[in-house]
Structures are given as structure tokens and as C-alpha cells.
1. Tally the residues that are at pLDDT 90 or above and in a loop (DSSP other than H, G, I, E, B), restricting the search to region 103-129.
2. For region 58-88: of the residues being assigned to a helix (DSSP H, G or I) and among the hydroxyl-bearing types (Ser, Thr, Tyr), which is surrounded by the fewest Cβ atoms within 10 Å (Cβ to Cβ)?
3. Which one of MET37, MET11 is part of a loop (DSSP other than H, G, I, E, B), on the phi < 0 side of the Ramachandran plot, modelled with pLDDT under 90 and open to solvent by less than 40 Å² (accessible area, probe 1.4 Å)?
4. Suppose we filter ASN132, ASN100 for residues that are part of a loop (DSSP other than H, G, I, E, B), modelled with pLDDT under 90 and surrounded by fewer than 17 Cβ atoms within 10 Å (Cβ to Cβ); which single one remains?
5. Which one of the conditions (1) among the aliphatic types (A, V, I, L, M); (2) in a helix (DSSP H, G or I); (3) modelled with pLDDT of 50 or more does LEU48 fail to meet, given that it meets all the rest?
Amino acid sequence: MDPRVHEVMQMLRKQALTPPTVNSHAAIGESEEEQKMSLEEMALKVDLSESRMRVLFKSQVGLPPNQYAIKQKMKDAARELRDTYKRVANIAADLGYESNSYFPRAFKKVYGMTPTQYRKLHQQPSEEKEENDAPSGR
């Protein structure tokens, strides 16, 4: 893989998975501008034009950069849905989705089901967890 594409992938992944809070910027020492770098700025950083970077990225990754970033966010959302009991609206907000209606549509495009359906299918109900965690020997 072209190292420039790999670098852009890392920038997109970092941007997609970094919560949009003021505290996170301060904690890692980056400004909001660095967190919200445009595709044009990413391309310039790796010495490519934006159009060339898009073509190269899609040819090597299989997705355009913006779809790759969305897919990364949805992977993080899926993990949260499986591993936590956070409300779907809170997960959406943590990922930077301000609209409660857009996040489920974006999630469904990637996973073929709504976040609630995904959670029901992939998360063990709390009663079962409690039963499994209880000591045996009744």
C-alpha cells in the first residue's frame, strides 16, 4: 500500500474516532483545526492533490475517504452497542452526530439494521449475564 494512502487512512481513523469535545483536544494537545482537517488538507500534508488522493485512496482501500471515515465511526458504534448499555442517542452524540435521525440511517447503511436491532442481536441481555455470573451449585 502506498504510504501516503496509509497516512491518510490513519488521519481519517483518528478524526473519525476522536470524540468532538473540547477536553479531548486539550488532553492530546491538538487544536480543533487539527482534529477537523479537511480532505484537501490531508492530501496536501502527504504531497498529493485532493483529486489524486481520492483516486489513489479508493483504488487501494476500496472506498472513498469519506465512506471509509463513516465506516470507522460505525465500527466504533457497533463496539459500543455490543459492549455497553449506553443509550443509542449518547453513542451518536459521542461520535459527533447531532441529529438523532441521521445516525441510525448511517448505521443501517453499513450494518443492514438499526443500532437498536444490532444491539438486540449482538448483546447478551443483562438477566442472562447475571445468571451466567452467578455462582453455580444451586
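1. The number of residues fulfilling the criteria is 3.
2. Our first condition is that a residue be assigned to a helix (DSSP H, G or I); within region 58-88, this holds for 58-61, 65-83, 88.
Those left that are additionally among the hydroxyl-bearing types (Ser, Thr, Tyr): 59, 68.
On the way: SER59: 10, TYR68: 18.
That would be SER59.
3. Details: MET11 fails: part of a loop (DSSP other than H, G, I, E, B).
Step by step, each of MET37, MET11 is checked, and only MET37 is part of a loop (DSSP other than H, G, I, E, B), on the phi < 0 side of the Ramachandran plot, modelled with pLDDT under 90 and open to solvent by less than 40 Å² (accessible area, probe 1.4 Å).
4. Working: ASN132 fails: part of a loop (DSSP other than H, G, I, E, B).
ASN100 is the lone residue from the list that is part of a loop (DSSP other than H, G, I, E, B), modelled with pLDDT under 90 and surrounded by fewer than 17 Cβ atoms within 10 Å (Cβ to Cβ).
5. Only one criterion in (1) among the aliphatic types (A, V, I, L, M); (2) in a helix (DSSP H, G or I); (3) modelled with pLDDT of 50 or more is unmet by LEU48, namely (2).
The values are calculated or read from the model by the stated rules, or taken from the named source; none is laboratory data. In this text, all values refer to a predicted model and were calculated from it rather than measured experimentally. With ideal geometry, Cβ positions are generated from the backbone for all residues, glycine too; neighbour counts draw on all protein chains shown. When the accessible area is computed, the model is the full protein with side chains, heavy atoms only, and any ligands, DNA or RNA have been set aside. Shrake-Rupley method; radii C 1.70, N 1.55, O 1.52, S 1.80 Å.
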